[in-house]
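Working notes, structure below.
The values are calculated or read from the model by the stated rules, or taken from the named source; none is laboratory data. These figures come from a predicted structure and were not determined experimentally. Please note: Cβ atoms are built from the backbone with ideal geometry, for glycine as well, and neighbour counts cover all protein chains shown.
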């Protein structure tokens, strides 16, 4: 299984929200078509046609668990799928 598939499984399962690498979550959102802009430590992700804006900040090298949950909820709500 490729790393991107493992990241997808970990994010979507919800079992390891506290152990998702920040860069892995960033790359997942980019593959799903989100556009990233950075202001200081805030990485803001937006996607045309989706009203939610995801605001991520790294906690050391990990994504914050509540932000992983927000990303997962947006992915599910809009039925997004990653590129092969």
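Rundown of residues vs (1) closer than 15 Å to residue 77 by Cα; (2) free of Cβ contacts under 8 Å to residues at least 60 places away in the same chain; (3) crowded, with 17+ Cβ neighbours inside 10 Å, yes/no style:
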position	(1), (2), (3)
9	no, yes, no
21	no, yes, no
24	no, yes, yes
32	yes, yes, yes
52	yes, yes, no
56	no, yes, yes
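Looking only at residues in region 37-48 that are within 18 Å of residue 78 (Cα to Cα) and touching a helix residue (DSSP H, G or I) at 6+ places or on another chain (Cβ under 9 Å), the one that is surrounded by the fewest Cβ atoms within 10 Å (Cβ to Cβ) is 47.
Only one of the numbered conditions (1) touching a strand residue (DSSP E or B) at 6+ places or on another chain (Cβ under 9 Å); (2) surrounded by 13 or more Cβ atoms within 10 Å (Cβ to Cβ) is not met by residue 28, and that is (1).
So that you can scan it fast, the table gives a plain yes or no per residue for (1) at pLDDT 95 or above; (2) outside any loop (DSSP other than H, G, I, E, B); (3) within 23 Å of residue 5 (Cβ to Cβ); (4) under 9 Å from the mean Cα position of the chain (by Cα):
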| position | (1), (2), (3), (4) |
| --- | --- |
| 18 | yes, yes, yes, no |
| 26 | yes, yes, yes, yes |
| 33 | yes, no, yes, no |
| 38 | yes, yes, no, no |
| 44 | yes, yes, no, no |
| 52 | no, yes, no, no |
| 66 | yes, yes, no, no |
| 73 | yes, yes, yes, no |
| 82 | no, no, yes, no |
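Residue-level check: of (1) modelled with pLDDT of 95 or more; (2) on the phi < 0 side of the Ramachandran plot, residue 59 misses just (1).
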